[in-house]
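The values are calculated or read from the model by the stated rules, or taken from the named source; none is laboratory data. What you are looking at is a predicted structure, and each value in this text was computed from that prediction instead of being measured. Note that each Cβ is placed from the backbone with ideal geometry, even for glycine, and that neighbours are counted across all protein chains shown. With ligands, DNA and RNA removed, areas are computed over all heavy atoms of the protein, side chains included. Shrake-Rupley method; radii C 1.70, N 1.55, O 1.52, S 1.80 Å.
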Amino acid sequence: MSSYQDAQRTVEYLRSYGMQARSLEIVGAGLRQAPRRRAVPVARLTAVSAAQGALLGVLAAVFITLVAETTLTGLAVVVWGFVYGVLVGALWGLFRGLVRNRPELLTTETLPTRYELRCPPEELTVAQTLLADAADVDDGRVERGVIADAPQPEKDAA
């Protein structure tokens with residue numbers, strides 16, 4: 001099956017005919033490694049951090065206005081708190097964005113190219129018979145695929 005959603009639809013189709021969901025497994029096959037960058041746009045991170053800094057700056061300024069005696073008016077303290085908060089937050093976000101987007105931070109993830117539906121050998125013929133029914137496949141309810149045998153647990157030689 002080409003996608004996980006197709007495999008889920010096939011499992012639901014088989015369940016609708018009485019097969020147990022516990023016995024069916026969706027397994028990714030044809031694995032490949034793909035590079036993945038966790039790129040966060042530097043400008044976006046800078047803007048978000050600047051907004052957070054502005055909020056913290058205003059809160060600090062309100063606290064200073066309420067607690068400390070200053071020669072400035074309350075509004076001036078709040079404005080300066082806003083300005084300093086934006087500056088510090090923007091610089092913090094800029095540096096975080098530059099550190100996060102280093103070229104050596106490329107990671108790889110393993111992705112399946114297709115999905116297989118597995119079931120126990122005693123239910124294999126039932127599942128193949130259900131999937132071979134052309135009427136349901138033509139309706140688009142399920143994609144015809146191959147059901148592989150589920151791996152059997154090894155028996156201890158005693």
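Tabulated data
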item: Protection proxy ranking of 89-99, 59-69 - average other beta-carbon atoms within 10 Å, highest first; result: 89-99, 59-69
item: Debye log10 I(q)/I(0) at q = 0.20 Å⁻¹ for segment 1-128, Cα point scatterers; result: -1.02
item: Theoretical FRET efficiency, 1/(1+(r/R0)^6), r = Cβ-Cβ of Trp92 and Ala29, R0 30 Å, to 0.05; result: 0.10
item: Apportionment of accessible area to carbon and sulfur, segment 1-131, percent (1.4 Å); result: 64
item: Stretch gain in nm, segment Val83-Val48, where the contour uses 0.36 nm per residue and the Cα spacing is subtracted; result: 11.1 nm
item: Label-point gap, in nm, between Glu12 and Val40 - each point 7 angstrom along Cα→Cβ; result: 3.6
item: Relative contact order computed over segment 4-105 (Cα-Cα under 8 Å; 6+ residues apart), in percent; result: 34
item: Segment 73-88-segment 11-41 distance, computed between alpha-carbon centres (Å); result: 52
